[in-house]
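Below is one structure, written out as structure tokens; the observations come after it.
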Amino acid sequence: MLPTELLIHRFNGEEIAPKRLEFDAKVLAIAEDLITLFQEARNGTRGALNRQLQELEGEETDYRVKRGLAHLLNSSFSTFETVSPLDPPMLRERVFALSAQSVPSAQATQMTIEKIANDLGQELDREVLPEQVKAGLYADLPENQILTSFEAPTPEALLHRYNLSQVQGVFYRASHLVINAHRNDPGQYKLLFRYMKLFQLMTYIEGDADHGFTLTIDGPTSLFKPSTRYGLAIAKLLPALLHVTRWSLAAELQINDSYSGQKRQGRFALDSECGLVSHYPPGKTYDSLLEAGFVDRWNKAKTEWRLEREVDLIPIPGSVMIPDFRVVHPDGRSFLVEIVGYWRPEYLRKKFSQVRQSGRDDLILAVSERLNLENAGVKISDTPARIVWFKDQLLPKAILQVLENV
């Protein structure tokens, strides 16, 4: 996504309109030039790349567009790493300590570097050259990091990402938004709700899979303390929403007016005909590495129980619960599995409240021992579910033991 200073929006009354690039020859050429520049910058430093980007910007008025496209290439398609024959913090500590013992001069600096190289050579039992000490001394600074890989997008894909990022920036200052997800394929709802769970959005849900859902989401400016991180989380939901076939969205905003310095109200609307393109995969998503690791271990376990990811929506008042997994036995028995890992207190209270309201007697709740349920106001004794405790990772054996005792 784009930082606030690279967002380009205009107002029509209270309606806000984000900048969208047309796919004309001029803009496609700019995107292609930037992509080529990054490709040719592989194995070079970030600092050298930034200088080339500044030259490409020149003095033209579209510098913010070029800077925005470059930011996306930098943050989403590039990998920068510290490449050094020696550990930079260790080098600085030793060089600074030794150089403090002599009067600063070019000769003293050279002697210091040569002595450090000689000492390290003896300690590591290999040759260490003074040039390696010089090269490694500040190799971990951002401008000295190396562009080790670059996954070049097509110019069209880069422009799609730019247009999406400009729209995502609208939600940084949302007070709340309402999404109407009309009647769609149930799998699309599930994917959308899983992303909402992943981003920990505070949502009130009404409706059902047959008629559609209305989702009311509190925005970052509605919180007691506005949270930039929460605004980013809402923005991250938009690419997931694009995988839903029919939907509409309305948001209320609190915008800082750059001229008056005062806050002003804004509105923004969007629907499934917006033409934006998602970069999120349309398939399944795991809510955490914890779940992904559990799936991997289950696939290696020797058991007749089959682990399924596709689980039906469980409607509850004001929300929808989607258990993480279903385990099914060849004889037809099945149970739902919900993993409760690393959540804030308000989400713990909501999660256990959902379990109580679900009315299900086939639910297994896997709860991390790291969670302080008591401080969160959760009474585990009030939970009508079979409980499995785990530490750092959830093992299939723990779930299978519960299933054997049923």
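Nothing in this text is a laboratory measurement; each read-out follows from the coordinates by a stated rule. Quantities reported herein were computed from a predicted structural model and do not represent experimental measurements. A quick note on method: Cβ atoms are made from the backbone with ideal geometry, for glycine too, and the neighbour counts reach across all protein chains shown.
Quick notes on this structure:
- For region 289-405, a simple Cβ point-charge model (Lys and Arg +1, Asp and Glu -1, everything else neutral) yields a dipole of about 220 debye relative to the Cα centre.
- Prolate/oblate/rounded label for region 293-334 (Cα gyration tensor, a/c 1.5): oblate
- Across all directions, the average projected area of the convex hull around the alpha carbons of region 44-153 is 9.3 nm².
- By the Cα gyration tensor, region 91-138 has an equivalent ellipsoid whose semi-axes, rounded to whole angstrom, run 18, 10, 10 from largest to smallest.
- Acute angle (nearest 10 degrees) that the helix 396-405 long axis makes with the longest principal axis of the chain, alpha-carbon atoms: 10 degrees
- Highest-fluctuation residue, Ala117, Ala181, Ala139 considered, GNM on the chain with Cα pairs under 10 Å: Ala117
- Highest-fluctuation residue, Gln354, Gln262, Gln145 considered, GNM on the chain with Cα pairs under 10 Å: Gln262
- C-alpha long axis of helix 46-57 to longest principal axis of the chain, angle in °: 90 degrees
- GNM top mover of Pro281, Pro88, Pro104 - the chain, alpha-carbon springs below 10 Å: Pro104
- Intensity falloff of region 289-405 expressed as log10 I(q)/I(0), Debye formula with alpha-carbon point scatterers, at q = 0.10, 0.12, 0.17, 0.18 Å⁻¹: -0.28, -0.41, -0.85, -0.96
- Given the chain, longest segment not containing exposed loop GluC sites (Glu not before Pro) (DSSP; at most 16 other Cβ within 10 Å): 152-272
- Modelled spin-label separation between Tyr280 and Ala250, with each label point placed 7 Å from Cα along the Cα-to-Cβ direction: 2.3 nm.
- Cα shape, the chain, gyration tensor, a/c 1.5 rule: oblate
- Zone of Arg20's modelled label, taken as backbone nitrogen in region 61-79 under 12 Å from a point 7 Å along Cα→Cβ: none
- With contacts taken as Cα pairs under 8 Å and at least 6 residues apart, region 120-243 reaches a relative contact order of 27 percent.
- Rounded to the nearest 20 debye, dipole of the chain from Cβ charges on Lys, Arg, Asp, Glu: 1040 debye
- Taking amide H atoms as placed 1.01 Å from N in the peptide plane, the amide H of Ser319 lies under 5 Å from those of Ile205, each 5 or more residues away in sequence or on another chain.
- Over all orientations, region 120-224 has a Cα convex hull whose mean projected area works out to 13.4 square nanometres.
- Theoretical ellipticity at 222 nm over the chain - DSSP helices of four or more residues, -39500 (n - 2.57) apiece, nearest 500: -12500 deg cm²/dmol
- Given charges at Cβ of Lys, Arg, Asp, Glu: the chain dipole, positive-most of Gly187, Leu238, His160: Gly187
- Contact order for the chain, expressed relative to its length and based on alpha carbon pairs under 8 Å spaced 6+ residues apart, stands at 13 percent.
- Counting only DSSP beta bridges whose two residues both lie in the chain, roughly 80 percent are antiparallel.
- The chain: angle of helix 106-124 to the longest principal axis, Cα-based, in degrees nearest 10: 50 degrees
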